[in-house]
1. Considering only region 24-41, I want to know if a residue exists there that is modelled with pLDDT under 95, closer than 16 Å to Gln137 by Cα and assigned to a helix (DSSP H, G or I).
2. Mind checking which residues of region 124-137 are touching a helix residue (DSSP H, G or I) at 6+ places or on another chain (Cβ under 8 Å), farther than 19 Å from Arg82 by Cβ and without any contact (Cβ under 8 Å) to a residue 60 or more places away in the chain?
3. Restricted to region 1-23, and to residues that are among the aliphatic types (A, V, I, L, M) and part of a loop (DSSP other than H, G, I, E, B), which residue is modelled with the highest pLDDT?
4. Take the residues of region 40-55 that are more than 21 Å from Val135 (Cα to Cα) and out of contact with any Leu (no Cβ under 8 Å at 6 or more places or on another chain): which is surrounded by the most Cβ atoms within 10 Å (Cβ to Cβ)?
5. Starting from region 76-93, take each residue that is in contact (Cβ under 8 Å) with a residue 12 or more places away in the chain and list its partners that are of a type in the set (Lys, Arg) and surrounded by 15 or more Cβ atoms within 10 Å (Cβ to Cβ), counting only C-beta distances under 7 angstrom and pairs at least six apart or across chains.
6. Out of Val134, Val118, Val78, Val58, I need the residue that is surrounded by fewer than 17 Cβ atoms within 10 Å (Cβ to Cβ), part of a helix (DSSP H, G or I) and within 11 Å of the chain's Cα centre (by Cα). Which one?
7. If we keep just the residues of region 81-96 that are more than 13 Å from the chain's Cα centre (by Cα) and not small (Gly, Ala, Ser), which is surrounded by the most Cβ atoms within 10 Å (Cβ to Cβ)?
Amino acid sequence: MTGMILPMIDRLRRIVLLRYLLASVGALAVDMGSFLALLALGVMPVLASAAGYSLGIVAHWVLSSRAVFADSVSAERVQRTRQKALFVGSALIGLALTTMIVGAGTAAGLDSRLSKIVAIGASFTVTWLLRKRVVFQ
C-alpha cells in the first residue's frame with residue numbers, strides 16, 4: 001500500500017496549480033484573519049479588506065517563491081527584482097478587484113463577509129493566470 005501512496009503523493013507535489021492552491025490557502029488565512037480582526041476592531045470593511053489582502057500578498061510571495069514556482073524564480077538579482085515587482089503588480093490587480101467587489105457588495109447592502117468570499121474567487125483566478133503566464137513564465 002505504501003508503495004502506491006508515495007508515488008501518488010510525489011505526482012501531486014509536482015502539480016503547480018495544487019501547490020499554488022495550497023499557498024493561496026495559507027495567504028488567505030493571513031488575509032481573512034487580518035480582515036476579521038480589523039472588522040472586530042471597527043475598521044471600515046473596505047479598509048479592513050485592503051489591509052488583510054496586503055498582508056496576504058507578503059505571505060503569498062514567500063509561499064509562491066519557495067514552494068510553488070521555486071524552479072522559475074530567477075537567481076539573477078535584477079530579474080528576481082523584476083519578478084517581485086510583477087508579483088506585487090498582480091497582487092495589486094487582485095487587491096483592486098477585491099476592494100471593488102467588497103465595496104460594491106457593502107454598498108448594495110450585502111454582508112461584507114459574503115462580498116469577501118466572492119472577491120476571493122475572482123482574485124484567485126486573476127492572480128493565478130497572471131502569475132503563471134507573466135510573473136513566473
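The values are calculated or read from the model by the stated rules, or taken from the named source; none is laboratory data. Note that this is a predicted model, so its numbers are computed, not measured. Cβ placement follows ideal geometry from the backbone for every residue including glycine, while neighbour counts extend to all protein chains displayed.
1. Scanning region 24-41 turns up no residue that is modelled with pLDDT under 95, closer than 16 Å to Gln137 by Cα and assigned to a helix (DSSP H, G or I).
2. First, the residues of region 124-137 that are touching a helix residue (DSSP H, G or I) at 6+ places or on another chain (Cβ under 8 Å): 124, 126-128, 130-132, 134-137.
Now restrict to residues that are farther than 19 Å from Arg82 by Cβ: 124, 126, 128.
Val126, the sole residue that qualifies.
3. If we filter region 1-23 for residues that are among the aliphatic types (A, V, I, L, M), which is where we start, we get 1, 4-6, 8-9, 12, 15-18, 21-23.
Now drop any that are not part of a loop (DSSP other than H, G, I, E, B), which leaves 1, 15.
On the way: Met1: 56, Ile15: 82.
Selected residue: Ile15.
4. From region 40-55, those more than 21 Å from Val135 (Cα to Cα) are 40-52; that's our starting set.
Keeping just the survivors that are out of contact with any Leu (no Cβ under 8 Å at 6 or more places or on another chain) gives 40-44, 46, 49.
Working: Ala40: 9, Leu41: 8, Gly42: 7, Val43: 17, Met44: 13, Val46: 19, Ser49: 29.
Result: Ser49.
5. Phe87/Arg131; Ser90/Arg131
6. On the way: Val134 fails: within 11 Å of the chain's Cα centre (by Cα); Val118 fails: within 11 Å of the chain's Cα centre (by Cα); Val78 fails: within 11 Å of the chain's Cα centre (by Cα).
Every option except Val58 fails the conditions.
7. Top of the filtered list is Gln83.
Okay, residues lined up against (1) buried (at least 17 other Cβ atoms within 10 Å of the Cβ); (2) of a type in the set (Val, Ile, Thr); (3) within 25 Å of Ile15 (Cα to Cα):
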{"residue": "Val25", "(1), (2), (3)": "no, yes, yes"}
{"residue": "Val30", "(1), (2), (3)": "yes, yes, yes"}
{"residue": "Leu38", "(1), (2), (3)": "yes, no, no"}
{"residue": "Ala107", "(1), (2), (3)": "no, no, no"}
